[in-house]
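Here the structure is laid out as structure tokens; the discussion comes afterwards.
The values are calculated or read from the model by the stated rules, or taken from the named source; none is laboratory data. These figures come from a predicted structure and were not determined experimentally. Because the Cβ atoms are built from the backbone with ideal geometry, glycine has one as well, and the counts that use them run over all protein chains shown. The area values use the complete protein model at the heavy-atom level, side chains included, leaving out ligands, DNA and RNA. Shrake-Rupley method; radii C 1.70, N 1.55, O 1.52, S 1.80 Å.
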Amino acid sequence: MFTAAKKIQKAEGADPSEFEETVAQALFDLENTNLELKSDLKDLFINSAFQIDISGGRKAVVVHVPYRLRKAYRKIHVRLVRELEKKFSGKDVIIIATRKILRPPKKGSAAKRPRSRTLTSVHENILEDLVQPAEIVGKRVRYRLDGSKIMKVFLDPKARNDTEYKLESFSGVYRKLCGKDVVFEYPITEA
């Protein structure tokens, strides 16, 4: 019989935490009760999940999914996030693909590191996963006089309804995952 344990597969057979089990149970319940998501969720599972405290007393649930399943999750992203946010009331749900950063190869070794495993590439892809279903239309890096950097990310105004209430959560989650300060905005269109 299928159970919620099938919905979470940790690396090296590690035991899932209590919170990860609740997220897996929520996915399992959605698969069994929601008819429009049932066929899409059948073969999907997660790697890990955790909660992040955002300023203002808000919380965000970050769900890591396997890299090879990211396209399947993107197809149902809006509906899945809406349903999970109902289950975890008052918390923003963010789905991110699990990626690996490899260290640069040593001098003299013949091994090459794929471009997709570099720190810069992984951080940019995490940023794209974070703002899903919106698209990034521009980025600016602002250097302050004290030497600190802040990145401004401009999102597509078409997805404003789906993402506007989460902008603060996006910043907090990206700061926690990558250690960089980011401000999310929508570009001002001139009429």
- prompt: Non-local amide H neighbours of V183 (under 5 Å, H modeled in plane, Pro and chain starts lacking H): which ones?
  reply: M151, K152, V153
Per-residue ³J(HN,Hα) for segment 59-70, Karplus 6.51 cos²θ - 1.76 cosθ + 1.60, θ = phi - 60°, Hz, x for Gly and Pro: 10, 10, 9, 9, 10, 8, 10, x, 4, 6, 9, 4
task: Using θ = phi - 60° and the Karplus relation 6.51 cos²θ - 1.76 cosθ + 1.60, list the HN-Hα couplings for segment 112-117 in order, rounded to whole Hz, with x at every Gly or Pro.
output: 10, 9, x, 4, 6, 9
query: Hey, quick one: spin label on H123, modelled 7 Å out along Cα-Cβ, who in segment 129-151 has an amide N within reach, i.e. under 11 Å?
result: 149-151
query: For S89 and K112 in the same chain, what is the full-extension length gain: residue separation times 0.36 nm, less their Cα-Cα distance, in nm?
result: 3.7 nm
message: Can you give me the % of accessible surface on segment 11-106 that is carbon or sulfur? Probe 1.4 Å, all protein chains present, nothing else counted.
response: 50 percent
message: Counting just the Cα atoms, what span does segment 1-95 cover along each of its three principal axes? Round to the nearest Å and put the largest first.
response: 40, 32, 24
- request: Kindly rank 70-79, 108-117 from highest to lowest mean number of other beta carbons found within 10 Å of each residue.
  value: 70-79, 108-117
field: Rounded to the nearest 20 debye, dipole of segment 1-138 from Cβ charges on Lys, Arg, Asp, Glu
entry: 880 debye
- prompt: Ignoring any ligand, DNA or RNA, what whole percent of the accessible area of segment 125-191 comes from carbon and sulfur when the probe is 1.4 angstrom?
  reply: 46 percent
For the chain: Kirkwood Rh in Å [reciprocal of mean 1/r, alpha carbons]: 18.2 Å
- request: Give me D for segment 64-160 in µm² s⁻¹, whole number, from Stokes-Einstein with Rh from the Kirkwood sum over alpha-carbon pairs, 37 °C and 0.692 mPa s.
  value: 204 µm²/s
- prompt: Residues with amide H under 5 Å of I8's amide H, sequence separation 5 or more or different chain, H placed in the peptide plane at 1.01 Å from N; which?
  reply: I46
message: Under the rule of at least 5 residues apart or a separate chain, name every residue whose amide H is placed under 5 Å from the amide H of A49.
response: H64
- prompt: Accessible area per residue of segment 125-191 at 1.4 Å probe, in Å²?
  reply: 63 Å²
task: State the Cα centre-to-centre distance between segment 146-191 and segment 86-110 in whole Å.
output: 18 Å
